[in-house]
Structure formats: structure tokens, C-alpha cells
Amino acid sequence: MRKHFAVLLLSAAACGAPPGNAPAPATPAATGGPAWFENVAAASGISFEHRSGHDKRYLLPEIMGGGAALFDMDGDGFLDIFFVQSGMFGSPGTPAGHRLYRNRGDGTFEDVSNPSGIADVAGYGMGIATGDYDNDGDVDLYVTALGANVLLQNDGRGHFTDVTRSAGVAGSGWSTSATFADIDADGRLDLFVTRYLDWRLEVERECYSLTGIIDYCSPRNYDAPASALLFRNNGNGSFTDISRSSGIAGAVGNGLGVIADDVNGDGRVDVFVANDATPNHLWMNAGNGRFAESALMSGVAIDQDGAPKAGMGVHAADVDEDGDNDLIVVNLDTESDSFFRNSGKFFVDDTANVGLRIASRRFTRFGVAFTDFDNDGRVDLYEANGRVGLQAETLAADPYAEPNLLFRGVAGGRFEEVTPRGGTSQPLIATSRAAAFGDVDNDGGVDIVVANRDAAPYLLRNVAPKRGHWLLLRVLERSGRDAIGATLSIIAGGRTIRRDVRTGYSYLAANDPRVHVGLGEVTKVESITVRWADGSSERFGPFEVDRTVDIRRK
Amino acid sequence: MGLEANGLLVQAAENYQRAVRLDETEPRWRYRQAVLRARRGEHDAALADIEQVIARASDYAPARWRQGLWLLDRGDAAKAQAAFQSAARLAPADPAGHTGLALVHLSKGENTEAAAALEKLLAATPGDRYAMQLLGTAYRRLGRDTDAQFALIVGSTGQPAWRDPWSDEVGQYRRGFAAMLKEATQLGLERKFDESIALLTQLIKLRPDDKALRVYLGGMYAAAGKVDQAAAILDPVIAADPSQFDATMHLASGYLFAGNLDSAAEYASRALALRPASADAAKLRGMVHWQQGLTREAEALFDAAAAADPRDPMPHVWMGMILGQQARYLDARARFEAALSKNPLLGDALIGVADTFAATGNWNAAEVALERARQAEPANPRLPAARERILTAARAARR
């Protein structure tokens, strides 16, 4: 008891330096090959500026936002953009200032926040999930926040109604990334919401950087990890909170990133949560609405470095083309990425062997995705970066700003950094958080939207040189809903390529539901077998390349 | 080193570079330069530096294992293996080289060899949790799931903490508020309360208006058993801001520790009212109830604490103790085992298991649990008495 007494006292009071203490990287590489992206945000008419609400005190939520989504709000075939605004503390009911931009299809965007109803949404915003929860053929939105989250029902013409109360999905606490997924294969999208930690204004502390300057605290300073939330879709517009009955509430962590994926190929969708400074969670779907946490035994709770890292963003893709998805979790500076290769029964930390141990650890990474940006048939990797703690050396006026990273997928399943750093002609430096991925201009190259803290976002148009052939697949259920959870086996050029229909990955982001596949020199796709979320399969094809194709369940 | 220790890493690197130019024969400066370069991701330069360090200090084992780790980061397992072999040869009693060799085996998929190396290492240096974690990884890959589970749970809190005197010496140059605060915290954790209080008092002179620091000092007084001094600091804070949770918790703890259960109950109740969902507040209020003999109320609060923070094994341990006092040994054991599922190395829970087995006459199982407690937490203050009690009773029963 005496021992506990001392620990209790000390754990409640200790504030140390935040962990971000790596030496600042050398001046970002500005030399190298041609650019892969150009930032066209301003030229496209996007005037959004993120506001963290930072004033005098260093309040932890200020350093974590904001979010972004790419989705087609009005079914015109072009991706529109939603920016999640953080806003101001202490003014509940005041609109956060989220912005919605409609893609005109000509390279420009129109701010439709007011007519869409988005401008009225209140709360200190964090992230966003997209999915057609009511199976009416249009994309609905779920905006996470510090406090109550918001479900916005789309009327199909780009107007949104707040249905949070009737749906019963407000949740509580500090929600971060969320994803829609059909966890019980009943044809209706359920909702998984990660939460960061139990934070309120009154528990905020004073922390200091190593150089003695007041700064944001590490989540370790609060020791208040939270459990995630799971809402089952009842099919009548409402959801039931099954966090407890499913087992999800049985484990806590500082949840930031989430992805739903059938990691063991049993036909049931599992959920991986990237936790910050606490071991990651892997919720294995046992059926009957139950989940079992098995990250440690599956080899993804921690990586070979032996301690929980600062898990931020996450993505899954079949990097080694063995038919199952591998995982990447991005972390704090000084900590490398964690690349977990799926061996079928468990995961193997293979970060060094894919070439990500060294280059990744220079920066603090948040948004992330494996995507074939140059359409050469191999997935590349993009990471959106920005510090969470002050360092002696700064790279821009914003002391938390860092350049982003782009890695090219090369032979042997390895990755090599692309220079100029981040793939733009001059490295862009900001405190980047969410990165949303999708083909904004429908030209077959995947573009990126990056939300930057207290700054304007990037809209990175893909201008990668000598892009290969491609196919963009809109995979739909009978209702016309994007078939989130469906798995595609694409046979082309003698290869079998796995892709998944999903919108929830990266960090605080929702992404293009369409499946993009780069094909290199291959000019024909022989067939595509879709395994739908309920386990049934259908075969489609053949397909000509360099086009967008709809695949609808028969 | 002063610059490096205080986070001015670019300036530190420049100075190490200058020092290397001034004295090429001294390997330590180049070693520090190499470490900083590796942290910057400049692995080629770091490896070139470490080669030169090894040329000048061929018997310094940490240079070898660092070289091995950096080579492994690049995926160069063959050269890493040679580096770790050198480290193991130079410092055979140090786990670093041997663990590094196991890492090489794992990176090459040589799981049987990795397991053998780690089993040998753990036999020589029991309790190395990072080695246990790697062993669990090897077992998992070998399909030895039961063994893997135990090793992974035990090793889940482990990370390499290998001896490196040329790095350790940097820490002594830490200066400034944050460093002093950290040192005060460390002293408190080591139960050197007077030294910690002295340091915090110094800090308050630097920042007389820092309320959080004042609360922290009050907490340290409470931890030191000096509840009057704690109250002199914390009561005014609470009077000015009745929602001050930490100050309220500290005073509740201080009064509990001093045996003033009425005051402890008053402050613990206030803390719980301030944060009804706080596991710590529920634990503390439950503890006060327990000390007051109100076990039913204590049980309810320990249950609430366990629900609020599923990671925490302690509410289960205390529930086990309460149930043991009520002679409900099977229920008690279930609670101790619940605690062990969260921390398999928790001495109090292992002793609890031993006690429940002893109470039901299962002497062999009691002795096994005691031995596990001895291995897991040899310094547990309850262990000597528990051993004496249980082993004496076992001998008597067997006569």
C-alpha cells in the first residue's frame, strides 16, 4: 500500500519533457528527380485555413488536428473535399468552421459549406469517416471531435442533416480516427471510433521541452488512455453502442489511427488501432458481435524495438503480393515506421528489410498510405509529417513544421525515398496531420489532400512523370453504396493483385472509396474477382485499362 | 555534452566535430558524433565514424553493438552479425552482443537459432525483459504458442537498456527547470523524499507563481509522510480552487498514510466527486473504506476502478486480499490471477496466489507461486514474511 501510495502521488503529478527530442534533420533535400506532385490548393480555389485555437496555454488537442476527407458528395463522379476545423475551446455550440469544397470537375473547387449545412456543425473537430450508413446510395459523414461527434446524413444532392441524436452515435470523450465497416456482414455499415485519452481543460498540465521551453505534453503525462467505441448499425437509422458487449471497451490505449481489415482471412473484418505511447490493439472479430484483443500474440502490439511507439496513422496493403495485407504504422521522430508483414497467422516486423528503418525516423509522421502514385505496378508510400514537441532547430517559422516524405516502391518489396523530399519541386514544410488519398481529377493518378495545423492545406496534384497504365474501380453493392469491406483479386500481366474497398485509413482522414491499381506496361486486366463483405464472390472482366469502371454486385 | 544533454543537438554535433578535429586520437567525441548522426538518419556517416572509433578503441564493446544495430537498420544482417559477435566477445557478460545476435537470427528468419541464443542468454541473465520479448517472437514463429504467450507478456514492457558508459555520462550535464523537475521525480520514485523536496523547493524559488509545481511539492511532502507540511501547501490551493483534483488526491493520500482516516475519507470523497470516472480516485476512496473496515464499500470502488482502467492490476490485488481475509480463497485466487493477467510479474499478486493455495492445503502450488514471486519481484517487502509463513506451515503440514 505504501508503495502504491507513492506511485499514485507521483504518477498524478509528474510532467517531463515531451518525447520529441530527435536532432532536427539536415536541411530538407531539394535536389533529385522530377516532382511527383504540385500543390494546387490555392489555385484550385481552396481558401481553408486550419485553426488549432492555440492561445497562451499549450492544450494537447491543439497539436493533434486537423482532419480531411475526399468523397463524392453529389454523385457527379468527382471527389469533393471536407476539411475538419478544430476551432476554439470553451465555446460549445459555436460552429467549428468545417469547410466543404465541391469539385467542379475542371480543376477548381467551390466552397459549399453554407448551402450544404456543414457550416453549422459545432464542436472542436478532429477527424472524419465516410460511408453510406443508410444504404441510400450517397455518402454520409461522421465527424469526430473533442466531445460529441456528429453524424451527417447526405440527401444525395450535397445537403447534410445532423442526425447524431436519432442515430445515437455522439459518443463522448476525445474521438480521433473513425471508420465505417460492416463488422457483422449484414449489409449495413457499422462504426468504429478510436479515442485518444481522457482529457479535459482542467486536467491540462505544464510540460517543458528539453531546452526548458513550455510546450505540449506527451500523452504519457496524463496516463489516461481511453477505450474505443463500436456502434452497430440497426438498419433503421439508429445504432446501438456495443462497445462493452463486443469486448472493445475491455482495453484502453491512446488511440489515434484505425483501419478495418480481415487480417487473418477468415471472412470477418478485424480492426487495428494505432495507439500513441501505448501498445497497439488488434481486435480480432470472433463473430457474434464479439472481438478479442490479440495484438501482442499477433506481433503488432509493439515492434522489434521492444517498447510501445507513438502510433499515429496506419494503412494496410498487400505489399508483398502474397494475398494478405501487411500493415504500416507511423510514429514519432526517433522511432522508425513499423512495417508488419502479414505471414498469415501472425505479423513479422520487417521494417528494416523493406528499407524504412532509417529514413522514416527523422520526422513525426501522421497521415500515411501505400498507393501506387506512378502507376508502375508497385505501391509507393506517402507520409505527412509534423512535430508534436519543440526542438532546438526549426525548419520554418512554425516550430513544429516538417517536410513530408515520399517513398518509391522498388523491386524486392523495398522502398526508397524520392527526392525532392515529399515529391514536390521544393519541399513543402508545415505541421501536417491528416492526409487523404484519391484521384481528384480522374486522370488515373492518385492525388493527396494534406491538412496542416494552423495553416492552409495542400492539394497535391499527381504529376508523376511517365506514369504507367491504370484502372480505377468503383465497386458498388446492389444499393449503390460503395462496397466497403470488399476484397478484389485483380489478374493482370501474370500477376494477382489484391486491393480492398475502404475509406478509413491514414490519420483523421477518409479517402477515395474507388480502388486504384497501377499497371505499368500492362494494357489489359484479365479478370477481377470481388469477394463481397458477406463472403460471396463474383468475377468480372476483362477490362481495358486507363479508365474508370463501375463494378456493381449482381 | 552539455549541449547534447540539454537538447541543443545541432550545436552539440558541431562541437563534437570540432573536438574530433582538435584531437583525432580521442575516440569518445567521434563516438558521440556517430550517435548523433545516426539519430539524424545519417547512417552512412555514422557508420564511417564508428569504424574509426573501433580502430581507436577496439575493446569498447558498445561501439560494436551500435555498429551492429545500425547495420541491421540497413538490412545488412551479415555485417551486423560480425559486429555483434565482436561485442559478445569483448563483453561476454553483457547481454547486448548476445541479444544483437538473436536479432540477426530473427531478421534472417533463423528462429530456432534465435530461440536457442535467447534461452542461453536468459539462463545466464534472468529477468532481461527485452530478451524475453524476442524469445516470445521466436517461439511464436516456431508455433510454440503457449511458450510465446508467456514470454511475450513478460517481455511486453522490455526494451534494450544496454550499458554504454560513453553515452551514460552525457546525462550528468542536464541543466535547467525540466531537468531538475525530472530529477526530483526520479528521487521521489526512489523514495528519496527529502532530496526530492529540497530540489522542488529550489524550483519553487525559480517559479514562485507556478501552482502546479506547488501542488507537486505538497504531494511530495504527503508521500514523505509529512502531512502537516503537505496540508500547509495544499489546503490554500484547494481553498482558492476547490476543483483542484491533484491537490485533493495528495492530501487524501497523505492523511491515509498518516492514519488520519476521517480526513483521508473527506478528501478522497471530494476527489471522487471531482472526477467520478477516475480510477485513481476510486482506488484511493476504496482504500480508505478498507482501512475503515467498510469492505463492501471498498469492493464496490475497487470494481469501479478496475472498470475505469482495465490495465491496472492493483484493484484486483486488493480485492483478492479482502476476499482472502473473508476466507473466500477461490474467489481471492481468481482476483489475483486477474491481476497477473495484466502484470504477470506482480509480486503482491503472486504472493496472494501462494497464500490462497496455502490456505487450502495445496502446499506444492503455494511453493511454486512463491518461487515465481521470488523470481519476478525479489525485492517485494511482503515476500520474506510470506515465505516464512507459508514454508513453515507447509513443513508442519508435511510432518
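The values are calculated or read from the model by the stated rules, or taken from the named source; none is laboratory data. Note that the structure is a prediction, hence the values are computed from the model and not measured. Backbone-built Cβ (ideal geometry, glycine too); neighbour counts: all protein chains shown.
Please tell me if A:E416 is of a type in the set (D, E), more than 17 Å from the chain's Cα centre (by Cα) and more than 21 Å from A:M312 (Cβ to Cβ).
Spelling it out, A:E416 is indeed of a type in the set (D, E), more than 17 Å from the chain's Cα centre (by Cα) and more than 21 Å from A:M312 (Cβ to Cβ).
Any residue at all in region A:114-122 that's touching a helix residue (DSSP H, G or I) at 6+ places or on another chain (Cβ under 6 Å), in a loop (DSSP other than H, G, I, E, B) and surrounded by 19 or more Cβ atoms within 10 Å (Cβ to Cβ)?
No, because not a single residue in region A:114-122 is touching a helix residue (DSSP H, G or I) at 6+ places or on another chain (Cβ under 6 Å), in a loop (DSSP other than H, G, I, E, B) and surrounded by 19 or more Cβ atoms within 10 Å (Cβ to Cβ).
Scan region B:72-85 residue by residue and report those that are more than 19 Å from B:T125 (Cα to Cα) and either more than 29 Å from the chain's Cα centre (by Cα) or touching a residue at least 40 places away in the same chain (Cβ under 8 Å) (or both).
B:R74, B:G75, B:D76, B:A77, B:A78, B:K79, B:A80, B:Q81, B:A82, B:A83
Within region B:318-342, work out how many residues are within 13 Å of chain A (Cβ to nearest Cβ) and surrounded by fewer than 24 Cβ atoms within 10 Å (Cβ to Cβ). Give the steps one after another, and end with the answer.
The first filter runs over region B:318-342 and keeps only residues within 13 Å of chain A (Cβ to nearest Cβ), leaving B:318, B:321-322, B:338-339, B:341-342.
Next, from what is left, pick out any that are surrounded by fewer than 24 Cβ atoms within 10 Å (Cβ to Cβ): B:321-322, B:338, B:341-342.
Selection size over region B:318-342: 5.
Would you mind finding the one in A:V354, A:V329 that is hydrophobic (A, V, I, L, M, F, W, C) and in contact with a helix residue (DSSP H, G or I) (Cβ under 7 Å, 6 or more places away or on another chain)?
Selected residue: A:V354, the only one of A:V354, A:V329 that is hydrophobic (A, V, I, L, M, F, W, C) and in contact with a helix residue (DSSP H, G or I) (Cβ under 7 Å, 6 or more places away or on another chain).
Among the listed residues A:L476, A:L508, A:L488, A:L472, which satisfies the condition of being in contact with a strand residue (DSSP E or B) (Cβ under 7 Å, 6 or more places away or on another chain) and either hydroxyl-bearing (S, T, Y) or farther than 22 Å from A:I183 by Cβ (or both)?
The conditions single out A:L472.
Quick one: is A:D136 surrounded by 16 or more Cβ atoms within 10 Å (Cβ to Cβ) and in contact (Cβ under 8 Å) with a residue 60 or more places away in the chain? Please lay out each step first, then the result.
Details: surrounded by 16 or more Cβ atoms within 10 Å (Cβ to Cβ): no; in contact (Cβ under 8 Å) with a residue 60 or more places away in the chain: yes.
Spelling it out, it is not the case that A:D136 is surrounded by 16 or more Cβ atoms within 10 Å (Cβ to Cβ) and in contact (Cβ under 8 Å) with a residue 60 or more places away in the chain.
Search region A:351-361 for residues being facing another protein chain (nearest Cβ under 9 Å) and under 22 Å from A:F437 (Cβ atoms), and hand back the single one that is surrounded by the most Cβ atoms within 10 Å (Cβ to Cβ).
If we filter region A:351-361 for residues that are facing another protein chain (nearest Cβ under 9 Å), which is where we start, we get A:351-355, A:357-361.
Next, only the ones that are under 22 Å from A:F437 (Cβ atoms) stay: A:351, A:354-355, A:359-360.
Numbers: A:T351: 25, A:V354: 23, A:G355: 22, A:A359: 20, A:S360: 28.
Among residues in region A:351-361 that are facing another protein chain (nearest Cβ under 9 Å) and under 22 Å from A:F437 (Cβ atoms), the one surrounded by the most Cβ atoms within 10 Å (Cβ to Cβ) is A:S360.
Tell me, which residue of region B:360-399 that is small (G, A, S) and farther than 26 Å from B:F150 by Cβ is surrounded by the most Cβ atoms within 10 Å (Cβ to Cβ)?
B:A393
Of all residues in region A:86-101, which are of a type in the set (S, T, N, Q) and more than 14 Å from A:A456 (Cα to Cα)?
A:S91, A:T94, listed by residue number.
Take B:R333 and tell me if it is part of a helix (DSSP H, G or I), at pLDDT below 95 and of a type in the set (K, R).
Taking the combined requirement at face value, the residue does not satisfy it.
Just wondering, is there one or more residues in region A:229-251 that are among the hydrophobic types (A, V, I, L, M, F, W, C), closer than 24 Å to A:K345 by Cα and without any contact (Cβ under 8 Å) to a residue 24 or more places away in the chain?
no
Going by what's in this entry, would A:L191 be described as at pLDDT below 90 and buried (at least 23 other Cβ atoms within 10 Å of the Cβ)?
Criteria not met by A:L191.
Would you call B:T125 in contact with a helix residue (DSSP H, G or I) (Cβ under 7 Å, 6 or more places away or on another chain), of a type in the set (S, T, N, Q) and under 21 Å from B:D73 (Cα atoms)? Walk me through it before giving the result.
On the way: in contact with a helix residue (DSSP H, G or I) (Cβ under 7 Å, 6 or more places away or on another chain): yes; of a type in the set (S, T, N, Q): yes; under 21 Å from B:D73 (Cα atoms): no.
Taking the combined requirement at face value, the residue does not satisfy it.
Show me the helices (runs of 4 or more DSSP H) entirely contained within region B:90-188 in which 2 or more residues are facing chain A (nearest Cβ under 8 Å) and at pLDDT 85 or above.
So the answer is B:95-107, B:129-141, B:145-155.
Restricting attention to region A:138-190, and to residues there that are outside any loop (DSSP other than H, G, I, E, B) and under 15 Å from A:D482 (Cα atoms), which single residue is farthest from the chain's Cα centre (by Cα)?
A:N154
Report, by residue number, each residue of region B:204-213 that is within 12 Å of another protein chain (Cβ to nearest Cβ) and surrounded by fewer than 20 Cβ atoms within 10 Å (Cβ to Cβ).
B:L206, B:R207, B:D209, B:D210, B:K211, B:A212
Can you name the residue in region B:23-41 that is in contact (Cβ under 8 Å) with a residue 60 or more places away in the chain and more than 14 Å from chain A (Cβ to nearest Cβ) and, of all such residues, is surrounded by the fewest Cβ atoms within 10 Å (Cβ to Cβ)?
B:R28
Among (1) assigned to a helix (DSSP H, G or I); (2) within 14 Å of chain A (Cβ to nearest Cβ), where does B:D312 come up short?
Tallying (1) assigned to a helix (DSSP H, G or I); (2) within 14 Å of chain A (Cβ to nearest Cβ), B:D312 fails exactly one: (1).
Considering only residues that are touching a Gly at 6+ places or on another chain (Cβ under 6 Å), over 30 Å from B:Q11 (Cβ atoms) and within 14 Å of chain B (Cβ to nearest Cβ), which ones fall in region A:389-442?
The answer is A:R414, A:F415.
Would you say A:A29 is within 14 Å of another protein chain (Cβ to nearest Cβ), surrounded by 21 or more Cβ atoms within 10 Å (Cβ to Cβ), assigned to a loop (DSSP other than H, G, I, E, B) and modelled with pLDDT under 85?
No, not satisfied.
When you scan region B:224-260, how many residues do you find that are more than 22 Å from B:F177 (Cα to Cα) and facing chain A (nearest Cβ under 8 Å)?
Number satisfying all stated conditions: 7.
Going by the conditions given, is A:V329 in contact (Cβ under 8 Å) with a residue 12 or more places away in the chain, surrounded by 24 or more Cβ atoms within 10 Å (Cβ to Cβ), away from chain B (no Cβ under 12 Å) and β-branched (V, I, T)?
Here the answer is yes, as A:V329 does meet what is asked.
Looking at region A:515-529, is at least one residue buried (at least 24 other Cβ atoms within 10 Å of the Cβ), at positive phi and touching a Gly at 6+ places or on another chain (Cβ under 9 Å)?
no
Cβ contacts < 9 Å: first residue farther than 24 Å from B:Q326 by Cβ and within 9 Å of chain A (Cβ to nearest Cβ), restricted to region B:271-297; second residue part of a helix (DSSP H, G or I) and aromatic (F, W, Y), any location; separation 6+ or different chain. Result?
B:L274/B:F245; B:R275/B:F245; B:S278/B:F245
Given (1) under 21 Å from B:M132 (Cβ atoms); (2) within 14 Å of another protein chain (Cβ to nearest Cβ), where does B:P381 come up short, assuming only one miss?
Result: B:P381 passes all but (1).
In region A:466-507, how many are in a loop (DSSP other than H, G, I, E, B), among the charged types (D, E, K, R) and under 20 Å from the mean Cα position of the chain (by Cα)?
Within region A:466-507, residues that are in a loop (DSSP other than H, G, I, E, B), among the charged types (D, E, K, R) and under 20 Å from the mean Cα position of the chain (by Cα) number 1.
If I filter region B:42-51 for residues that are under 33 Å from the mean Cα position of the chain (by Cα), within 11 Å of chain A (Cβ to nearest Cβ) and within 23 Å of A:S209 (Cα to Cα), do I get at least one hit?
no
Within region A:196-222, how many residues turn out to be under 24 Å from the mean Cα position of the chain (by Cα) and within 10 Å of another protein chain (Cβ to nearest Cβ)?
Kept after step one, since they are under 24 Å from the mean Cα position of the chain (by Cα), are these residues of region A:196-222: A:196-199, A:216-220.
When the remaining residues are screened for being within 10 Å of another protein chain (Cβ to nearest Cβ), the result is A:198.
Counting residues in region A:196-222 that are under 24 Å from the mean Cα position of the chain (by Cα) and within 10 Å of another protein chain (Cβ to nearest Cβ) gives 1.
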